[in-house]
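The values are calculated or read from the model by the stated rules, or taken from the named source; none is laboratory data. Please read these numbers as outputs of a predicted model, since none were measured by experiment. Cβ placement follows ideal geometry from the backbone for every residue including glycine, while neighbour counts extend to all protein chains displayed.
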Amino acid sequence: MATLTITRLGHQGDGIAEGPVFVPRTLPGEVVEGDVADGRMAAPRIITPSDQRIKAPCPHYRTCGGCAVQHAREDFVTDWKQDILRHALSAQGIEAPFRAPHISPLHSRRRASFAGRRLRNGALVGFHARASDVLTAVPDCMILHPALIAALPMLEELTAREGSRKGELTLSLTISEAGLDLAVTGGKAPDGPMHATLGQWAGQAGLARLAWDGEVIAQEQPPFHTIGRARVTPPPGAFLQATKPAEAALQAAVADAVGDAGYIADLFAGCGTFALPLAERAEIHAIESDGAMLHALDAGWRQAVGLKRITTQTRDLFRNPVLPEDLARFDAVVIDPPRAGADAQAQALANSRVPAIAAVSCNPVSFARDAKVLIQGGYRLNWVQVVDQFRFSPHVELAAQFVR
Ligand SMILES: C[S@@+](CC[C@H](N)C(=O)[O-])C[C@H]1O[C@@H](n2cnc3c(N)ncnc32)[C@H](O)[C@@H]1O
């Protein structure tokens, strides 16, 4: 049995004591007691609690791995997320002014991936415990939009019908303006009869669309999202920002960062989260590796009224970044890569003359690495902003502006 003092909070939300020993769900300054194995105190008893400690508001917190820091005050969590970004930048020798953070409200999460497992009687749908295959039902989750919570019995019904007791279904559910949009993976491949019964079931369940392993099985009406002045129907399971308020905050940050640029390249453009609102005042060239997402963007743009021209290009920006000579025609670039960052594209941007770059990232470490490349190429990091759309989790989303 050891007695330890927590000195800092790690990137995954664990308290860390000297050693290092990782102690889940503890806070800096706390004195804890328990057995240590493999550098971890799995079941700490809190001897001296931090004054930042609160009672976790969610009844699922003990067993659900979706949230990591519900036991700390909100201001503390926001400061911690900003510090994660600050430290990632300082590890690359970078300092930058921080804009006031955005924090998405509770119950605003509009899309989520649940795991579903068939049981002897019925089914269990929910989130995994941390680093575990144990599932927890989350009917009182504080993050999810009420429409997602209301859909949990429907997901259980589907899992009881089509799931298995050996494997899990992944149920990606998104709230669209035409109703719920469900994309399922991991089950047995649907044959003809299963197609028919699932199609019928989706209608009865009131889904706008049901896709299975990427194939649309039923579509009562095309699910759509209003992005700027356009209505976009994304391909099943496609990326969208996790909450509407965070999407709006990121769009505002990006619009501010590109200023009055007349011709903008939107790199890693997805279905047009940034391209479509920016097209109200600028011409856009949107590049993305997923052709179906670009098709959705293009179809939305064609039906919208009063937007400037958007052209699209399907391209792998890791292997085939836009080169400095081709970047020369743009007045600004928006870049929003996946977690891995945009190493090759950052190198090309660093050698370009593009006056302004709006960067969005879900990974402070890869962002800071790319930022260093840009700064070495002559850019200045004008500001960064944390956009907390993953409340209580260790994820940090951010926006930033670079200028020459
Ligand atoms: C974080 S999402 C951003 C999408 C969009 N900007 C938005 O906010 O909705 C990253 C996007 O990069 C795309 N992507 C992933 N790898 C890529 C690659 N190698 N080249 C181009 N695009 C890629 C993904 O398909 C995804 O749409």
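Of all residues in region 284-303, those satisfying the criterion of being free of Cβ contacts under 8 Å to residues at least 40 places away in the same chain and either touching a Gly at 6+ places or on another chain (Cβ under 7 Å) or within 8 Å of the ligand (Cβ to nearest atom) (or both) are 286, 287, 288, 289. Kindly indicate whether residue 316 is within 14 Å of the ligand (Cβ to nearest atom), over 24 Å from residue 83 (Cβ atoms) and surrounded by fewer than 19 Cβ atoms within 10 Å (Cβ to Cβ). Considered against the rule, which asks whether it is within 14 Å of the ligand (Cβ to nearest atom), over 24 Å from residue 83 (Cβ atoms) and surrounded by fewer than 19 Cβ atoms within 10 Å (Cβ to Cβ), residue 316 comes out as yes. When 174, 136 are checked against the criterion of being out of contact with any His (no Cβ under 8 Å at 6 or more places or on another chain) and either of a type outside the set (Phe, Trp, Tyr) or loosely packed, with under 15 Cβ neighbours inside 10 Å (or both), a single residue qualifies: 174.
Condition first: touching a Lys or Arg at 6+ places or on another chain (Cβ under 8 Å) and more than 10 Å from the ligand (Cβ to nearest atom). Now tell me which residues in region 349-370 satisfy that.
353, 354, 355, 356, 366
Evaluated against (1) without any contact (Cβ under 8 Å) to a residue 60 or more places away in the chain; (2) within 9 Å of the ligand (Cβ to nearest atom); (3) within 23 Å of residue 103 (Cα to Cα), residue 240 falls short on exactly one condition, (1). For region 139-161, does any single residue satisfy the condition of being in a strand (DSSP E or B) and either under 30 Å from residue 372 (Cα atoms) or at pLDDT 95 or above (or both)? Yes: region 139-161 contains one or more residues that are in a strand (DSSP E or B) and either under 30 Å from residue 372 (Cα atoms) or at pLDDT 95 or above (or both). Modelled with pLDDT under 95 and either polar (S, T, N, Q) or in a helix (DSSP H, G or I) (or both), is that true of residue 63? Yes; evaluated as a whole, the condition is true for this residue. Tallying residues that are in a helix (DSSP H, G or I) and either modelled with pLDDT under 95 or away from the ligand (no atom under 14 Å from the Cβ) (or both) within region 325-348 yields 4. Put simply, of 213, 191, 260, 266 the only residue that is among the charged types (D, E, K, R), more than 18 Å from residue 147 (Cβ to Cβ) and within 12 Å of the ligand (Cβ to nearest atom) is 266. For residue 306, the stated conditions hold: it is touching a residue at least 40 places away in the same chain (Cβ under 8 Å), surrounded by fewer than 17 Cβ atoms within 10 Å (Cβ to Cβ) and part of a loop (DSSP other than H, G, I, E, B).
Residue pairs whose Cβ atoms lie under 6 Å apart, sitting 6 or more positions apart in sequence or on different chains, and linking a residue in region 184-204 that is closer than 21 Å to residue 238 by Cβ and modelled with pLDDT under 90 to a partner that is surrounded by 13 or more Cβ atoms within 10 Å (Cβ to Cβ) and not aromatic (Phe, Trp, Tyr), are 187/162; 187/169.
Within region 77-104, residues that are of a type in the set (D, E, K, R) have Cβ atoms under 9 Å from residues that are crowded, with 16+ Cβ neighbours inside 10 Å and part of a helix (DSSP H, G or I) in these pairs: 81/364; 86/364; 95/86; 95/89; 99/253, counting only partners at least 6 apart in sequence or on another chain.
Of the listed requirements (1) more than 26 Å from residue 161 (Cβ to Cβ); (2) in a loop (DSSP other than H, G, I, E, B); (3) under 25 Å from the mean Cα position of the chain (by Cα); (4) touching a residue at least 60 places away in the same chain (Cβ under 8 Å), residue 235 misses just one: (1). Among all positions in region 271-279, there is at least one residue which is within 12 Å of the ligand (Cβ to nearest atom), part of a helix (DSSP H, G or I), without any contact (Cβ under 8 Å) to a residue 60 or more places away in the chain and touching a Leu at 6+ places or on another chain (Cβ under 9 Å). The residues of region 219-232 that are over 23 Å from residue 281 (Cβ atoms) and either buried (at least 22 other Cβ atoms within 10 Å of the Cβ) or among the basic types (Lys, Arg) (or both) amount to a single one, 223.
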